[in-house]
1. Just need the relative contact order of segment 239-337 here, percent rounded to a whole number, with Cα pairs under 8 Å and 6+ apart.
2. Probe radius 1.4 Å, ligands and nucleic acids ignored: give me the carbon and sulfur share of the accessible area of segment 479-624 as a rounded percent.
3. With the cut-off at 1.5 for a/c, could you classify segment 418-537 from its C-alpha gyration tensor as rounded, prolate or oblate?
4. Ranking request for peptides 477-490, 248-261: highest mean number of other beta-carbon atoms within 10 Å first, then the rest in descending order.
5. Quick check: from the Cα gyration tensor, does segment 202-266 come out rounded (a/c under 1.5), prolate or oblate?
6. Pick out, from 512, 227, 259, the residue whose Cα sits farthest towards the positive end of the charge dipole of the chain, with +1 on the Cβ of Lys and Arg and -1 on the Cβ of Asp and Glu.
7. Please work out the average accessible area per residue across segment 293-384, using the 1.4 Å probe convention, and give it in Å².
8. Could you give the length gained on full extension between residue 29 and residue 127, defined as 0.36 nm per residue of separation minus the Cα-Cα distance, in nm?
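The values are calculated or read from the model by the stated rules, or taken from the named source; none is laboratory data. Keep in mind that what you see is a predicted model, and the values were worked out from it rather than measured. Every residue, glycine as well, gets a Cβ built from its backbone with ideal geometry; the counts of neighbours run over all protein chains shown. Please note that ligands, DNA and RNA were not included when accessible areas were found on the heavy atoms of the full protein model with its side chains. Shrake-Rupley method; radii C 1.70, N 1.55, O 1.52, S 1.80 Å.
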Amino acid sequence: MKLFFCRNNLFCILLFGTLLSISNTTLAQVTFTSSNLPIVIITTDNYPNSSQPQEILDSPRVFGNMKIIKRPDGTRNYMTDANTASFLNYTGRISIEIRGSSSQTLPKKQYGLTTLLANNTTNNNVSLLGMPSENDWILNGMGYEPSLIRDYLFYNLSRQMGNYASRTSYCEVVVNGDYVGLYVLQEKIKPDSNRVDIFKILTTENSLPNLSGGYITKSDKTTGGDPVAWGMNSYAGYTDFIHEFPDPSDVTTQQNNYIKGQFLNLETAAHNNNISLSSGIPSIIDVPTFVDFMLLNELGSNADGYQFSTYFHKDRNGKLRAGPIWDFNLSLGNDLFLWGFDRSHYDVWQFSDGGNEGARFWTDLFNNSTFKCYLSKRWNQLTQTGNPLNYNSLVQFIDTTITLITEASIRENQRWESIPNLTQEIANMKVFIANRINWITNNIGPFSSCNVIQTPQLVINKINYNPSVSGSFPISNDQEFIAIINAGTTTVNLTGYYFKELGFTYQFPASSTILPNQTIYLASNSATFQSKYGITAFGQFTRNLSNSSDRLILADGFGNTIDFVEYSDVSPWPTAPDGNGSYLQLVSTNLDNNLASSWIASSNSLDTDDFVLNSSDLKAFPNPVNDQLTIQNNHKFDAIELFDYLGKMILKKNCDDFQTQIDMNGYSNGMYFIKVYTENNFQTLKVIKQ
């Protein structure tokens with residue numbers, strides 16, 4: 001938690017004295033027996049040759065045991081449940097330390113912990129309270145935060161908006177027999193497929209393309225001895241940047257220079273108002289993540305936003321992205337009032353308020369008319385009824401959260417006397433949010449120039465996500481590919497186009513094009529693709545397609561979605577492509593390719609023509625059908641194939657006529673595809689059996 005500057009010696013002395021006074025306050029103990037929330041029990045190992053448990057310090061970490069009590073049926077949890085295995089969400093070894101900056105001086109501490117195996121050395125990746133398996137966790141004590149919900153609120157809002165933010169779960173914590181209050185158990189920001197999904201760059205990777213990622217960087221105060229990597233000008237001072245990943249002790253000179261160069265390129269492009277798709281702002285940053293990051297920090301009027309605890313990340317061969325968001329305790333009207341700070345107002349832009357503005361590119365981005373248009377458009381979308389930043393949606397989430405923690409908040413205040421008046425605090429917060437939404441809406445500007453964007457008819461129509469292996473091609477990942485067809489009638493310039501979800505990375509080269517009705521292939525390994533399929537891949541993507549489920553979002557340079565597919569390896573999606581030698585094939589570009597029913601499994605050669613649009617000459621009736629299905633065409637057809645919804649061929653019928661019938665009596669109800677071959681072509685129809 002990064003909270004203040006020491007601007008002069010007198011202020012530092014007064015501040016240090018205040019912190020000592022707070023930290024030396026004797027506070028009440030609380031008798032704690034049960035909770036509606038999960039209970040976390042931490043017991044540190046004893047000091048050597050002693051029966052006393054070790055004190056948890058900032059450094060070094062100490063070892064201990066942790067139990068998390070959470071009854072599977074969601075009923076009330078009791079301290080006595082600690083001895084019932086079926087009620088334990090976790091029981092095992094940990095290492096633990098105090099975390100934070102100025103918050104370390106508070107009597108209530110915040111903790112960072114790692115789950116370990118019994119040998120105290122090997123990390124133990126586990127799922128805690130429903131969060132994906134990992135080993136690094138944080139117990140957020142919500143210091144300087146009289147509402148107890150600001151971090152929890154904003155992290156959840158970020159995820160509702162489609163961005164990763166630390167997953168959270170309220171809990172009550174006991175350390176070495178002492179009840180220490182209400183906490184938020186949450187994920188530490190780090191590279192992981194379920195957290196910040198970037199490639200983990202090695203110290204040996206010092207040339208392109210590997211040098212391009214992945215990185216996690218933050219603008220922040222230096223804590224724990226981490227050195228400042230570089231600084232950048234702000235319109236109100238100077239902003240320090242620090243490596244989060246790779247670790248500052250591991251990052252090489254080449255890696256430091258590369259990622260620093262990305263920020264300097266952004267600074268130059270934003271300052272020069274350069275919106276070129278090939279060399280300007282959209283070629284450097286993922287615009288949607290910067291937009292969402294600014295909107296959340298501005299909704300909260302986050303006094304620390306942009307300057308401190310401001311994270312960025314960049315995947316290999318990907319764009320620079322803003323986030324994840326972090327540390328919103330000084331937001332929604334809250335600040336360090338005891339020390340004379342009052343900066344979180346509803347009627348200011350935090351990126352240009354003369355205080356913690358952060359690097360100047362934030363202000364320059366806002367002043368760019370194109371970027372600002374997308375900022376306004378997204379704000380308008382998110383504040384509509386039923387959306388995350390709508391006032392009523394926010395109030396409902398706040399009320400639900402307060403109901404969840406009310407009981408624990410009473411014990412929290414008994415223990416630490418840190419919540420002057422929770423009811424009044426929440427009432428004030430709601431007034432602030434209403435005023436803030438109204439002010440931003442009136443000051444963010446119009447979005448008419450970017451409201452309606454014409455996107456081309458580019459369609460993802462083949463996906464090979466888990467190819468089978470053979471003696472000639474023993475590596476499944478190297479055989480992956482996706483195909484994109486231009487279903488429109490005009491040539492499309494692909495400059496600026498990219499896949500904007502992490503985990504699958506590709507940016508189209510400037511000035512590249514795709515012709516009408518042309519199909520292009522992106523491969524995981526271009527050489528393997530050429531060898532196996534006899535086709536030259538248009539490009540090579542970075543990372544690999546998931547063998548279970550993946551989100552493929554093709555977008556233009558400003559993040560406008562052109563096509564979106566989220567496939568899966570389980571029904572109702574065809575399952576044959578999951579390692580069984582076939583690939584997903586879109587039946588028709590007329591269909592919604594984000595629906596499982598629009599796809600079949602195919603083993604056709606890639607040089608075979610794609611499925612063509614249904615012709616008005618081809619008819620299948622009645623549809624839906626109970627028994628006899630009649631197929632009729634104005635052109636004589638040679639053969640008919642019937643496929644189930646999983647893409648498995650269940651009937652092949654040769655014929656030489658303009659009409660034929662299929663008896664559907666023996667088939668179960670559901671959806672089927674009929675593939676009709678003519679002399680030089682084939683067409684498909686979807687049929688429903690009732």
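1. RCO, segment 239-337: 22 percent.
2. 46 percent
3. Oblate is the answer for segment 418-537, as a/c is 1.5 or above yet b/c matches or exceeds a/b.
4. Per-residue mean Cβ counts within 10 Å order the peptides as 477-490, 248-261.
5. oblate
6. Ranked along the dipole, the leading option is 227.
7. With all protein chains present, segment 293-384 gives 24 Å² per residue.
8. 32.2 nm
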